[in-house]
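A.B. asks: The structure follows.
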Amino acid sequence: MELLNKLDTHLQLLQDKHQIRQRRAVETPCAPRLTVDGRDMLAFCSNDYLGLAAHPKVAAAMHEGVDLYGAGSGASHLISGHSRAHVQLEERLAEFLAPHLADARALYFCTGYMANLGVITGLAVGDRNTEVFSESLNHASLIDGGRLSRTTLKVYPHADVAALESMLADSTASNKIVVTDSLFSMDGDLAPLPQLLALCERHGAWLIVDDAHGFGALGENGRGALEHFNLRSPNLVYVGTLGKAAGVGGAFVAAHSSVIETLIQRARPYIFTTAAPPALAHALLASLDIIAGAEGRERRAHLNALIAQLDDGLRLQKWQRIPSITAVQAIVIGANEDAMRASAALWEQGIWVGGIRPPTVPVGTARLRVTLSAAHTAQDVAQLVEALNALERRS
Ligand SMILES: *Cc1c(COP(=O)(O)O)cnc(C)c1O
């Protein structure tokens, strides 16, 4: 059939460019040691930065949530799917982040992807008077949110505060929205948030910060990039995801209560979808207890020690590690097939490190992306460092 031929031609093109992605089936809980496609592997690719995805207390809370609320929510939040567990989670998140936001409230979304679509489209009130200023390395969900908002979309170069400043100064829009990842997920570097926030305050713009990789992992108490940079402002609109360091799933927006009320009324990815199972929200209460408490501090300290160990141990000459103080460590190799060959060689040794290719990263910067977790041991990281150093020498 002609329609199918078109698809096959397209797939063959991806194959030729070494861009076909494949999924692997994991048979055990998310952890550094897992069984995948029948093989026992040491994995450095999850976003489970604190090791909470399979934490006994979080898993037990999930069971308890099912006992209390059953399996599903049954409806969207604005109909009858809004459960007491969702209310408790939102109150707990708002309280947790209150030191950084004015009159803080939080809103729980099914996924971070949806939260980002919702927050940008929801804040674009009076569509045509809104301009969205988007950082060039932003996550796909922020890019899609900008497109869906039907506003004028302007992209500023990576971490370029001066370029953004002149764009904001030139703008005549009555509603300005700057959106940025806090921690760039494929590079591991941090956005210059204090400077961006100062600009936004000067120009009367919102600053939407997507802290998907920072929430729970950064800051003394796990309050993410807000705490790491000690930010506080009514202009801040914070997006945290709960499937990464928090180990469960879903996401939230935290901001001034007027922002949250606006999103409840306007954000279509919030309104027109079935509420996430209440058991997830119930499990997240347990995960927040860990993040905010002594165990969370210990886990972050261990994670930081592992990051320092990797930093100390790698002796790379041809490959280029992107400087990063975070759990995301990118090693740029260059060509797609070279990066995929390196990933395959590690796989053969029982080490699972993802190879990242265009279009996720710019052409010519295919890379290995190592993510560390508090669930890793120093021996795990030593094994990885040794394998990477040896592989680069042989390549
Ligand atoms: C993972 C991620 C998201 C999406 O969050 P999900 O809850 O997985 O949908 C959004 N932004 C960034 C930067 C991410 O890394």
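The values are calculated or read from the model by the stated rules, or taken from the named source; none is laboratory data. The shown structure was predicted, so the numbers you read here are calculated from the model rather than taken from an experiment. Ideal geometry is used to build each Cβ from the backbone, glycine not excepted, and the neighbour counts take in all protein chains shown. The area values use the complete protein model at the heavy-atom level, side chains included, leaving out ligands, DNA and RNA. Shrake-Rupley method; radii C 1.70, N 1.55, O 1.52, S 1.80 Å.
A.B. asks: Give the residues of region 164-196 that are farther than 10 Å from Phe133 by Cβ, open to solvent by less than 60 Å² (accessible area, probe 1.4 Å) and hydrophobic (A, V, I, L, M, F, W, C), sorted by residue number.
C.D. replies: If the condition is that a residue be farther than 10 Å from Phe133 by Cβ, open to solvent by less than 60 Å² (accessible area, probe 1.4 Å) and hydrophobic (A, V, I, L, M, F, W, C), then Leu183, Phe184, Met186, Leu190, Ala191, Leu193 are the ones that fit.
A.B. asks: Given the options Gly313, Gly355, Gly334, name the one that is among the small types (Gly, Ala, Ser) and closer than 16 Å to Cys45 by Cβ.
C.D. replies: Being among the small types (Gly, Ala, Ser) and closer than 16 Å to Cys45 by Cβ holds for just one of Gly313, Gly355, Gly334, which is Gly355.
A.B. asks: Which pairs do you get when a residue that is near the ligand (Cβ under 10 Å from one of its atoms), found in region 235-249, comes within reach of a residue that is of a type in the set (D, E, K, R), reach meaning Cβ atoms under 6 angstrom, with the pair 6+ apart or on two chains?
C.D. replies: Close Cβ pairs (under 6 Å, with a partner that is of a type in the set (D, E, K, R)) amount to Val239/Asp210; Gly240/Asp211.
A.B. asks: Just checking, which of Ser182, Ser166, Ser136, Ser171 is touching a His at 6+ places or on another chain (Cβ under 9 Å), more than 16 Å from the ligand (Cβ to nearest atom) and hydroxyl-bearing (Ser, Thr, Tyr)?
C.D. replies: Just a single option satisfies the conditions, and that option is Ser171.
A.B. asks: Take region 127-155 and flag every residue that is buried (at least 18 other Cβ atoms within 10 Å of the Cβ) and small (Gly, Ala, Ser).
C.D. replies: Scanning region 127-155 gives Ser134, Ser141, Gly145, Gly146, Ser149.
A.B. asks: Another question, if that's okay. Please indicate, with yes or no, whether at least one residue in region 197-214 is assigned to a loop (DSSP other than H, G, I, E, B), open to solvent by less than 20 Å² (accessible area, probe 1.4 Å), touching a His at 6+ places or on another chain (Cβ under 8 Å) and within 16 Å of the ligand (Cβ to nearest atom).
C.D. replies: Yes.
A.B. asks: How many residues are open to solvent by 50 Å² or more (accessible area, probe 1.4 Å), assigned by TED's automatic domain parsing to the domain that holds Thr365, aliphatic (A, V, I, L, M) and not in a loop (DSSP other than H, G, I, E, B) when one looks only at region 1-46?
C.D. replies: 1
A.B. asks: To continue, here is another question. Yes or no: Arg84 open to solvent by 30 Å² or more (accessible area, probe 1.4 Å), closer than 18 Å to Ser257 by Cα and at pLDDT 95 or above?
C.D. replies: no
A.B. asks: Looking at Ala60, is it part of a loop (DSSP other than H, G, I, E, B), under 27 Å from the mean Cα position of the chain (by Cα) and of a type in the set (A, V, I, L, M)?
C.D. replies: For Ala60, the condition - part of a loop (DSSP other than H, G, I, E, B), under 27 Å from the mean Cα position of the chain (by Cα) and of a type in the set (A, V, I, L, M) - is not met.
A.B. asks: Hey, another quick one. Considering every residue within region 108-124, establish whether at least one is touching a residue at least 12 places away in the same chain (Cβ under 8 Å), more than 16 Å from the ligand (Cβ to nearest atom) and touching a strand residue (DSSP E or B) at 6+ places or on another chain (Cβ under 6 Å).
C.D. replies: The answer is yes; a qualifying residue exists.
A.B. asks: Moving to a separate point now. For Gly296, indicate whether it is open to solvent by less than 40 Å² (accessible area, probe 1.4 Å) and either in contact with a Cys (Cβ under 8 Å, 6 or more places away or on another chain) or free of Cβ contacts under 8 Å to residues at least 60 places away in the same chain (or both).
C.D. replies: Against the criterion (open to solvent by less than 40 Å² (accessible area, probe 1.4 Å) and either in contact with a Cys (Cβ under 8 Å, 6 or more places away or on another chain) or free of Cβ contacts under 8 Å to residues at least 60 places away in the same chain (or both)), Gly296 does not qualify.
A.B. asks: Still on this structure: Could you identify the single residue in Val178, Val248, Val237 that is under 20 Å from the mean Cα position of the chain (by Cα), in the same structural domain as Ala275 (by TED's automatic domain parsing), farther than 30 Å from Ala301 by Cα and not hydroxyl-bearing (Ser, Thr, Tyr)?
C.D. replies: Matching residue, one of Val178, Val248, Val237: Val178.
A.B. asks: Let me ask another. Could you please find all residues in region 139-163 being among the acidic types (Asp, Glu) and more than 16 Å from the ligand (Cβ to nearest atom)?
C.D. replies: Residue satisfying the conditions is Asp160 alone.
A.B. asks: While we're looking at this one, here's another question. Is region 60-72 home to any residue that is crowded, with 22+ Cβ neighbours inside 10 Å and within 16 Å of the ligand (Cβ to nearest atom)?
C.D. replies: So far as region 60-72 goes, no, none of its residues is crowded, with 22+ Cβ neighbours inside 10 Å and within 16 Å of the ligand (Cβ to nearest atom).
A.B. asks: Then there is this: Within region 215-234, take every residue that is closer than 23 Å to Gly122 by Cβ and within 16 Å of the ligand (Cβ to nearest atom) and give me the one that is surrounded by the most Cβ atoms within 10 Å (Cβ to Cβ).
C.D. replies: That would be Phe215.
A.B. asks: Also: Given the conditions (1) modelled with pLDDT of 95 or more; (2) crowded, with 17+ Cβ neighbours inside 10 Å; (3) out of contact with any helix residue (DSSP H, G or I) (no Cβ under 7 Å at 6 or more places or on another chain), and given that Asn336 satisfies all but one, which numbered condition is not satisfied?
C.D. replies: (1)
A.B. asks: Test Gly364 against the stated conditions and say whether it is farther than 27 Å from Ala140 by Cβ and not assigned by TED's automatic domain parsing to the domain that holds Arg223.
C.D. replies: Judged against the criteria, Gly364 is not a match.
A.B. asks: Only one of Tyr238, Tyr270 is of a type outside the set (Gly, Ala, Ser), closer than 18 Å to Ala85 by Cβ and open to solvent by less than 20 Å² (accessible area, probe 1.4 Å). Can you tell me which?
C.D. replies: Tyr270
Condition check ((1) modelled with pLDDT of 95 or more; (2) surrounded by 13 or more Cβ atoms within 10 Å (Cβ to Cβ); (3) not β-branched (Val, Ile, Thr)) across all residues:
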| position | (1), (2), (3) |
| --- | --- |
| Val353 | yes, yes, no |
| Pro362 | no, no, yes |
| Asp380 | yes, yes, yes |
| Leu391 | yes, yes, yes |
